[in-house]
Amino acid sequence: MFANRVITRGFASSVASLAPKVAVVGAAGGIGQPLSLLLKLNPHVGRLALYDLVNTPGVAADLSHINTQSSVKGYKGPEQLEDALKGSDIIVVPAGVPRKPGMTRDDLFKINAGIVKGIAEAAVKVAPNAHILVISNPVNSTVPIVAEVFKKAGIFNPKRIFGVTTLDVVRASTFVTTLKGGDATKTPVHVIGGHSGVTIIPLLSQTGINFAKEEVDALTHRIQFGGDEVVKAKEGLGSATLSMAHAGARFTDSLLRALAGAKGIVEPSYVYSEIGAKHGVEYFATNVELGPEGVAKVHPIGPINAYEEQLLKAAIPELQANIKKGVDFVHQG
Ligand code: NAI
C-alpha cells in the first residue's frame, strides 16, 4: 500500500490520478542520473523528488521537459533533504562514493556509512512509512545501518527496508547465457547471500542447465566479482552506473506495481530475513515476493548442491562481520 497517497492532476490529463512519490537520494551521480531518467519514464511514478548535494536543479530541469505524466523537482543541499523525502512512498538511495580499482565494497564503509545514516535519520522524521531501497555500498552493512536507525526510533518495519541486489541477478542471467546460449531475459538465476565478493552466491543448480565443473567455477567467480570488470574498465572513474540504474529502476518498478496491488511479483533482495536467521545472519538476500506492504514473503533458499553449500558456508562469517559493522556504527556513532 502506498504510504502517502495524494490526488494530483497530471498536466496532460484532467483525470485525477494517484501519484506515488519516489525520492532519489544521490540523484546527480553516476547511477542517480540514469536512474532518475528511467523513473521519469515510468508510468507508475507520480512525483519524482531528486536530492543531492550538487547539481539536482539542473538534472530536474532537464528531466522535467520529458512529456511523461510525473512531476519532477530538484532539491539541493542538507537543508532541503527533509523536503525532498517528505511524504515519499519510496526512497531510492544511490548516494555516496563508488569503488576505484583495487577497492572492495567494504573499503567504502568509512564514507558511505555516515551518508546512509544521515539519510535514514531524515527519513525517520519526515517519511517514516517510506520503503527504503538501499543501493549505496557496502549494501551488506548499509541495510543494517538503515534498519538500526529505524529501530532506535522505535518504528522499524522489516517489510520496508531493501538492499538492492538486482544487479547480481541481472549479471548472472547475462553471464550464464553468454556462456551457454539462450535468452538472458528468460533465464533467471537465483542469487542469494549478500552483495559483495564471496557473499554473492549464485545457485546455478537451480537453473536446470547442465554445467561442467569448470563452467560452474568460472561462472560463480564471474558473478561474484562481475562488478570488478566494470571498475577496471572505467580506469578509476567509478563502478557500474548504467547497468545499476537499469537494475534499480527494475526493482523500483516491481515494488511500485506490488504496492498498487499487482500479485506474484518476485525480486531478489537483501532484507531482514528469517531464512537468514536459520544460517546465523539477520539480513540475507533471496527471492522476495513483493506485496502491498513491501515484503510479502521471503522465499526460502530452495534445494542446493554440495558446491553451493560450501559457498554458503564461506559467505556466512563475512556477512556476519559486515552486518555487525553496520549495527555497531549506529550505536557507537
Ligand atoms: P557517484 O559518485 O557517481 O554518485 C554519488 C552521488 O551521491 C554524487 O552525486 C554525490 O554528490 C552524492 N552524494 C554524496 N553524499 C551525499 C549525501 N550525503 N546526500 C546525498 N547525496 C550525496 O557514485 P555512483 O557510481 O552513482 O555510486 C553510488 C553508490 O552506489 C556507491 O556507493 C556504489 O558503490 C553503489 N553501487 C551499488 C551497486 C549495487 O548493486 N547495489 C552497484 C553499483 C554501485
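Values in this text are rule-based calculations from the coordinates and carry no lab data. These numbers come from a predicted model, not from an experiment. Every residue, glycine among them, receives a Cβ derived from its backbone with ideal geometry; neighbour counts consider all protein chains shown.
What length, rounded to one decimal in nm, is gained on full extension from Glu82 through to Thr185, with 0.36 nm per residue of separation minus their alpha-carbon distance? Show your work: numbers first, answer last.
On the way: separation 103, 0.36 × 103 = 37.08 nm, distance 3.81 nm.
Extra length from Glu82 to Thr185 when fully extended: 33.3 nm.
Computed from label points 7 Å out along Cα-Cβ, the spacing between Gln320 and Phe225 is 2.5 nm.
Please determine, in degrees from 0 to 90 and to the nearest 10, the orientation of helix 166-180 with respect to the longest principal axis defined by the Cα atoms of the chain, where the helix direction is its Cα long axis. Rounded to the nearest ten degrees, it is 40. Each Lys or Arg adds one and each Asp or Glu subtracts one; over the other residues with Cβ under 13 Å from the Cβ of Phe211, this totals -1.
Using only Cα atoms, find the angle between the long axis of helix 242-259 and the longest principal axis of the chain, and express it within 0 to 90 degrees, rounded to the nearest 10. Helix 242-259 sits roughly 70 degrees off the main axis of the chain.
The Cα-based radius of gyration of the range 166-324, divided by its Kirkwood radius, gives an Rg/Rh of 0.96.
The DSSP beta bridges internal to the chain are antiparallel in roughly 50% of cases.
Taking a point 7 Å from the Cα of Lys100 along the Cα-to-Cβ direction, the residues of the range 234-257 with backbone N closer than 19 Å to it are 234-241. Look at the dipole of the range 166-324 built from charges on Cβ: of Val216, Tyr270, Ala315, the Cα furthest out on the positive end belongs to Tyr270.
Positive contributions from Lys and Arg (+1) and negative ones from Asp and Glu (-1), summed over other residues with Cβ under 15 Å from the Cβ of Val271, come out at -2. Counted over the chain with a bin width of 20 Å, the fraction of Cα pairs per bin, in whole percents, is 33, 59, 8, 0. Quick one: in the range 9-164, what % of C-alpha pairs are over 24 Å apart? Result for the distance tail: 31 percent. Mean residue ellipticity, 222 nm, helices only, the chain: the sum of -39500 (n - 2.57) across DSSP H runs of n ≥ 4, divided by residue count and rounded to 500, is -13500 deg cm²/dmol.
Which one of Val191, Val24, Val97 has the biggest mean-square fluctuation once the chain is modelled by GNM with Cα springs under 10 Å? Sorting by GNM fluctuation, first place goes to Val97.
In debye, nearest 20, what is the charge dipole magnitude of the range 166-324 about its Cα centre with +1 on Lys and Arg Cβ and -1 on Asp and Glu Cβ, if you could check? Don't skip to the answer; put the middle values down first.
Numbers: 14 positive and 17 negative charges, 39 e Å.
I would put it at about 180 debye.
Compare His65, His195, His221 in a GNM of the chain, Cα atoms joined below 10 Å, and give the one with the largest fluctuation. Top of the fluctuation ranking is His65.
GNM on the chain, alpha-carbon springs under 10 angstrom: the most fluctuating residue among Asp62, Asp253, Asp228 is Asp62.
A simple spin-label model places pseudo-atoms 7 Å from Cα toward Cβ; at Asp107 and Phe156 they are separated by 3.1 nm.
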